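A short reminder: the numbers here are calculations on the coordinates, not readings from a lab. What you are looking at is a predicted structure, and each value in this text was computed from that prediction instead of being measured. Note that each Cβ is placed from the backbone with ideal geometry, even for glycine, and that neighbours are counted across all protein chains shown.
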Amino acid sequence: MTFLGTGTSQGVPVVACRCGVCRSADARDKRLRTSAMVQIHSDNQAIKQSNILIDIGPDFRQQMLKHEVDHLDAILVTHAHRDHVGGLDDIRSFNYVQGRKMDIYLNAEARRAIERDYHYIFEPHEFPGLPEADLHEVDDAPFVAGGVEVTPIRAMHKTLPVLGFRIGKLAYITDANYIAEGEMEKLKGVEVLVLNALRKEKHFSHFCLPEALEVIERVGPRRAYLTHMSHEMGLHAEVAKELPEGVELAFDGLEVEVKSEKLKVKS
Ligand SMILES: [Zn+2]
Ligand SMILES: [Zn+2]
Ligand SMILES: [Zn+2]
């Protein structure tokens, strides 16, 4: 998995902010809007290398160019806040190159929001240049995306239901501030857990750092990475020193390898 963006909705630096974090020269303090790409490397010929994108925010175009991504097999959407879907119009490039619609997996709330906000994609039209997408609504049951089995994890973002995703021994959850007991069960045995932590102080719709650390302790992964950070979190180098063993702040460009022995694959 590659972290393509690890910043909250405004990104870091924040436009017009002169704080120490926004003016930091450390590359790890420059955070595009939260997104990640899971690249499946498998012995199975059919999905030899499958690229699965998690969230398609306003920095999508820049993230694809920076990492020289030449194909996308599926997009998983956590929820339809603009910092997670604002790059949707730019799937056109992949539509042209791949010659097909983009498969997008999301919950009912995200589906409704995207059909409303990007209505022109789904209306009958005569313009060949518009984005083309197939929205696949998912809820509780595992599904196959990009050739691999994905387990959705339902969480709450204040009052908005959001989806986290588990692929083999990797789980990725962002923009949550509550995960119900039954959903916590689905995280059992993960090696790597990615979780949102906005800042140190409490927030109404995101886990703050102490809350995220509590969830991580309960899940007990081998490694945990925090994402979706605001400039209020502080300087990367300083916060990193305060974290418990096995927990790290993610940063843009960070790559993490996870071995999943019994990953279910389908061609
Ligand atoms: Zn967000
Ligand atoms: Zn700032
Ligand atoms: Zn959000």
Single residue of region 231-258 satisfying the filter (farther than 15 Å from ARG199 by Cα and within 17 Å of the chain's Cα centre (by Cα)) that is nearest to ligand 2 (Cβ to nearest atom):
ASP252
Of all strands (runs of 3 or more DSSP E) fully inside region 46-130, the set with 3 or more residues that are closer than 20 Å to ILE173 by Cα and in contact (Cβ under 8 Å) with a residue 60 or more places away in the chain is 49-54
Working only within region 22-48, note down all residues that are crowded, with 23+ Cβ neighbours inside 10 Å and touching a helix residue (DSSP H, G or I) at 6+ places or on another chain (Cβ under 9 Å).
ASP29, ARG31, ARG33, THR34, SER35
(1) surrounded by 23 or more Cβ atoms within 10 Å (Cβ to Cβ); (2) within 13 Å of the chain's Cα centre (by Cα) all hold for HIS81 apart from (1)
Name the residue, out of LEU195, LEU170, LEU187, that is over 24 Å from ASP59 (Cβ atoms) and more than 16 Å from ligand 2 (Cβ to nearest atom).
LEU187
Looking only at residues that are within 16 Å of ligand 3 (Cβ to nearest atom) and among the charged types (D, E, K, R) in region 73-110, which one is nearest to ASP59 (Cα to Cα)?
ASP83
Find all pairs meeting these conditions: Cβ atoms under 9 angstrom apart; at least six residues apart or on different chains; first residue within region 2-27 and at positive phi; second residue within 13 Å of ligand 2 (Cβ to nearest atom) and of a type in the set (S, T, N, Q).
none
The residue that is surrounded by the fewest Cβ atoms within 10 Å (Cβ to Cβ), considering only those in region 84-111 that are over 20 Å from THR8 (Cβ atoms) and of a type in the set (Val, Ile, Thr), is VAL97
In the set GLU126, GLU68, which member is surrounded by fewer than 23 Cβ atoms within 10 Å (Cβ to Cβ) and either farther than 25 Å from GLY11 by Cα or within 16 Å of ligand 3 (Cβ to nearest atom) (or both)?
GLU126
Tell me whether region 1-10 contains one or more residues that are in contact with a Cys (Cβ under 9 Å, 6 or more places away or on another chain) and within 16 Å of ligand 3 (Cβ to nearest atom).
yes
Scope region 190-214; condition buried (at least 21 other Cβ atoms within 10 Å of the Cβ) and either out of contact with any Lys or Arg (no Cβ under 6 Å at 6 or more places or on another chain) or among the basic types (Lys, Arg) (or both); matching residues:
LEU193, VAL194, LEU195, ASN196, ALA197, LEU198, HIS206, PHE207, ALA212
